[in-house]
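Mind having a look at this structure? Questions to follow.
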Amino acid sequence: MATIGEDLLKLHIKEGKFSPAYLFYGEEDYMKRYYLSKIKARAVGDNLPEFNLHSVDGTKADIDQIIELAIGLPMMNDYLLIIVNDFDFAGVDTDKIDALFASLGEGTIVLFYYQTVKPNQQKAAWKKAMKLFKEKGSVVKFDKKDARELAKIAMSAAKKRGCYFPQYLAASFIERIGNDLNLVKNEVEKLCAMKGEGEITAEDIDLITVRTLDASAFDLTKALISGNPNTAFDILRDLADQRQEPILILGAINSSYIDMYRVKVASQKGLEATAVANFYTYKADWRLKRAAYNAKNLSISQLRRSIHVLCEADEKLKSVTDDASVVLDETIVKLLLIAARSQR
């Protein structure tokens with residue numbers, strides 16, 4: 001047993017043949033919850049859950065409590081399932097970790113899953129725990145889905161509800177709402193509930209779906225470099241109406257400019273925009289591709305000056321004396337003026 005993917009995890013659930021220990025971690029919380037519920041249903045279901053299912057708050061429990069539960073045996077069922085959330089192994093005696101795995105009785109499954117705590121393999125106890133999970137159980141890392149996978153999921157979810165989601169619209173839909181799988185499913189459900197049946201249109205998406213701050217910041221950046229102040233300030237006002245924090249708005253704009261700067265530098269070195277992902281963490285290629293598209297009419301010098309303006313604004317927003325809305329308005333004007341020089 002070792003680190004496994006979703007395909008093998010699905011097989012465990014389908015066949016009802018489980019590892020004695022699981023560790024779920026990663027950024028995609030929806031999938032962690034989904035497979036957790038599937039294991040609960042398959043391993044225990046309605047078979048005396050009061051005896052065969054234990055849920056432990058790992059933020060409050062100690063290792064001895066978990067060991068005590070793990071010693072138990074299932075009652076009139078094949079499995080006893082112990083679910084532990086956010087247990088931090090850091091600081092736990094490594095002998096105790098050995099004892100936990102040694103204590104697992106026949107038919108006992110212990111499943112650790114992480115939402116707020118991140119496994120820290122720099123710590124000795126975490127190294128020990130991860131080693132044993134890989135040797136005696138299964139480790140599953142749930143990463144965020146990429147844009148292509150999410151678009152397919154959106155199309156499939158719509159089809160199940162009697163609606164048709166064109167592929168090109170599904171892709172732009174993901175750009176609009178972001179890469180949170182739970183949000184994708186919720187927004188598709190809303191779209192289909194409104195539509196009833198038939199083909200989902202761009203107008204439907206504009207009417208009912210939410211826009212992430214990142215998507216709004218992209219449109220705002222596009223307006224800035226296109227020299228369109230009316231659109232830029234309309235988006236800024238919409239964000240204010242949504243009660244988005246000014247510091248977060250500024251941060252999202254700054255991220256867009258940093259993306260453009262990185263792909264511009266890569267381009268000068270003869271590299272494709274997507275090559276930037278080899279040096280920095282990007283979950284989606286489209287973010288770099290759209291940055292390259294936006295940056296084509298801006299020089300390295302303009303991008304550097306823009307980022308400098310954004311850094312100055314960040315300092316002002318973090319002071320207690322400057323009015324946040326005024327700082328944002330001034331920043332938008334400065335960025336428009338910098339970009340305007342490329343329009344001449």
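The values are calculated or read from the model by the stated rules, or taken from the named source; none is laboratory data. Predicted model only: the values in this text are computed from it and were never measured. For neighbour counting, all protein chains shown are included, and Cβ atoms are generated from backbone atoms with ideal geometry for every residue, glycine included. With ligands, DNA and RNA removed, areas are computed over all heavy atoms of the protein, side chains included. Shrake-Rupley method; radii C 1.70, N 1.55, O 1.52, S 1.80 Å.
Cβ-Cβ under 8 Å, sequence separation 6+ or interchain: first residue in the stretch 47-61 and open to solvent by less than 50 Å² (accessible area, probe 1.4 Å), partner among the charged types (D, E, K, R) and in a helix (DSSP H, G or I). Which pairs?
Short answer, once both residue conditions are applied: 53/40.
Suppose the filter is among the acidic types (Asp, Glu), over 22 Å from the mean Cα position of the chain (by Cα) and either in a helix (DSSP H, G or I) or loosely packed, with under 15 Cβ neighbours inside 10 Å (or both); does residue 234 pass it?
So residue 234 fits the description; yes.
Condition first: open to solvent by 70 Å² or more (accessible area, probe 1.4 Å) and in contact (Cβ under 8 Å) with a residue 60 or more places away in the chain. Now tell me which residues in the stretch 128-142 satisfy that.
134, 135, 136, 141
Filter the stretch 143-163 down to the residues that are of a type outside the set (Lys, Arg) and open to solvent by 40 Å² or more (accessible area, probe 1.4 Å), then identify the one that is farthest from the chain's Cα centre (by Cα).
So, considering only residues that are of a type outside the set (Lys, Arg) and open to solvent by 40 Å² or more (accessible area, probe 1.4 Å), the one farthest from the chain's Cα centre (by Cα) is 162.
Same structure again: How many residues does the stretch 35-46 contain that are surrounded by 16 or more Cβ atoms within 10 Å (Cβ to Cβ) and either within 21 Å of residue 115 (Cα to Cα) or among the aliphatic types (A, V, I, L, M) (or both)?
Number of matching residues: 6.
Taking the stretch 85-116 as the region of interest, how many residues are over 31 Å from the mean Cα position of the chain (by Cα) and on the phi > 0 side of the Ramachandran plot?
Result for the stretch 85-116: 1.
If you go through the stretch 237-255, how many residues are at negative phi and either touching a Gly at 6+ places or on another chain (Cβ under 6 Å) or open to solvent by 50 Å² or more (accessible area, probe 1.4 Å) (or both)?
9
Hey, among the residues in the stretch 256-273 that are in a helix (DSSP H, G or I) and surrounded by fewer than 17 Cβ atoms within 10 Å (Cβ to Cβ), which one's modelled with the lowest pLDDT?
268
Something else: Which one of these does residue 321 not meet: (1) part of a helix (DSSP H, G or I); (2) at pLDDT below 90; (3) over 32 Å from the mean Cα position of the chain (by Cα)?
In the conditions (1) part of a helix (DSSP H, G or I); (2) at pLDDT below 90; (3) over 32 Å from the mean Cα position of the chain (by Cα), residue 321 misses (1) alone.
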